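First comes the structure, then the notes that go with it.
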Amino acid sequence: MRSAAQPPLALMQGAVKRRAQGESVFELAVPALHVGPGELVAVVGDSGCGKSTLLDMLALVMEPTRVERFEMQFDPETPATDVRALWASGAETRLAALRRDSLGYVLQTGGLLPFLSVADNIALPARVKGLPSPDRAAAELARRLGLDGCLRRMPDALSIGQRQRVAILRALLHGPRLVLADEPTAAVDKARAVAIFTDLQALARERGVAVVVVTHDVELIGAHADRTYGFRMEQVSEQETRSQCLEAA
Ligand SMILES: Nc1ncnc2c1ncn2[C@@H]1O[C@H](COP(=O)(O)OP(=O)(O)OP(=O)(O)O)[C@@H](O)[C@H]1O
């Protein structure tokens, strides 16, 4: 768990995202959310409450409509990066560099490239970053995630659950400081889901990585999360739904 002296790795205060589709409007409010190095934070809620919207804002791929404070501090020795200011000034290159170097995103769909082997898929983020191919680390993580023997195969020769674990492996391998996982256990059985949450928690602890997991597995994640955020939804008119993301008691 984060010690009192350690600043949060990601901090969001007074964030609002408004999304409109035709007549209907969805508004997500995030009064205060933070995640520290070594912490695993869970985000749980019903379908359509704004979990992916929140994750996309944390992944720096979706700009908040407005936000009072949005900072990331990947190294406690250096000043925090003012993400709010980067969005406000349209600093796309800086935002892209932060995404590439410091964030790992496990997509709900896995997002593996079908024409590359599993080994080449997982080496991709490191290559983009200009780092050598992380073969040894990949083999070790593959063993931990029960993917022995899968690295030489093509993605379509893996089960959905295996593909999901490969996506986790890929998101971790280039040494991100913040890992965002959207339903990483959606296609696996309960035993494998427990193993995945246990591994994500252990990896957070060992590497001082901050992990945010969106999940429907409320009961399973409870044993692994340092904090849980839920949502309070309100239908304010026929067209407009509002949702508030709040820390669970
Ligand atoms: N491109 C879009 N434009 C406008 N509204 C959108 C868009 N995408 C999603 N929404 C709306 O935003 C709301 C939140 O969507 P989001 O995907 O964040 O929910 P979620 O909690 O992740 O749902 P699920 O669990 O089903 O994946 C939904 O009501 C959805 O209809």
task: Please work out if residue 238 is more than 17 Å from residue 194 (Cβ to Cβ), open to solvent by 50 Å² or more (accessible area, probe 1.4 Å) and free of Cβ contacts under 8 Å to residues at least 60 places away in the same chain.
output: yes
message: Out of everything in the stretch 218-249 that is among the aliphatic types (A, V, I, L, M) and in a strand (DSSP E or B), what residue ends up being nearest to the chain's Cα centre (by Cα)?
response: 246
- prompt: Just a yes or no: is a residue in the stretch 175-190 open to solvent by 20 Å² or more (accessible area, probe 1.4 Å) and either within 30 Å of residue 27 (Cβ to Cβ) or in contact with a strand residue (DSSP E or B) (Cβ under 7 Å, 6 or more places away or on another chain) (or both)?
  reply: yes
message: Condition (residue is within 15 Å of the chain's Cα centre (by Cα), at pLDDT below 85 and open to solvent by less than 40 Å² (accessible area, probe 1.4 Å)) applied to the stretch 145-164: is it met by at least one residue?
response: yes
query: If you check residue 84 against the conditions, is it charged (D, E, K, R), assigned to a strand (DSSP E or B) and in contact with a strand residue (DSSP E or B) (Cβ under 8 Å, 6 or more places away or on another chain)?
result: no
message: Kindly evaluate residue 142 against the criterion of being on the phi < 0 side of the Ramachandran plot and either open to solvent by less than 80 Å² (accessible area, probe 1.4 Å) or of a type in the set (D, E, K, R) (or both).
response: yes
query: What number of residues within the stretch 111-145 satisfy the criterion of being farther than 24 Å from residue 198 by Cα and of a type in the set (Asp, Glu)?
result: 1
query: Within the stretch 192-217, restricting attention to residues that are more than 13 Å from the ligand (Cβ to nearest atom) and part of a loop (DSSP other than H, G, I, E, B), which residue is surrounded by the fewest Cβ atoms within 10 Å (Cβ to Cβ)?
result: 208
query: Consider residue 20 against the criteria (1) within 12 Å of the ligand (Cβ to nearest atom); (2) not in a strand (DSSP E or B): it satisfies all of them except one. Which criterion is unmet?
result: (2)
query: For residues in the stretch 52-77 being open to solvent by less than 20 Å² (accessible area, probe 1.4 Å) and farther than 19 Å from residue 100 by Cβ, which is nearest to the ligand (Cβ to nearest atom)?
result: 53
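The values are calculated or read from the model by the stated rules, or taken from the named source; none is laboratory data. All values reported here derive from a predicted model rather than from experimental measurement. With ideal geometry, Cβ positions are generated from the backbone for all residues, glycine too; neighbour counts draw on all protein chains shown. The accessibility values were calculated without ligands, DNA or RNA, using every heavy atom of the protein model including side chains. Shrake-Rupley method; radii C 1.70, N 1.55, O 1.52, S 1.80 Å.
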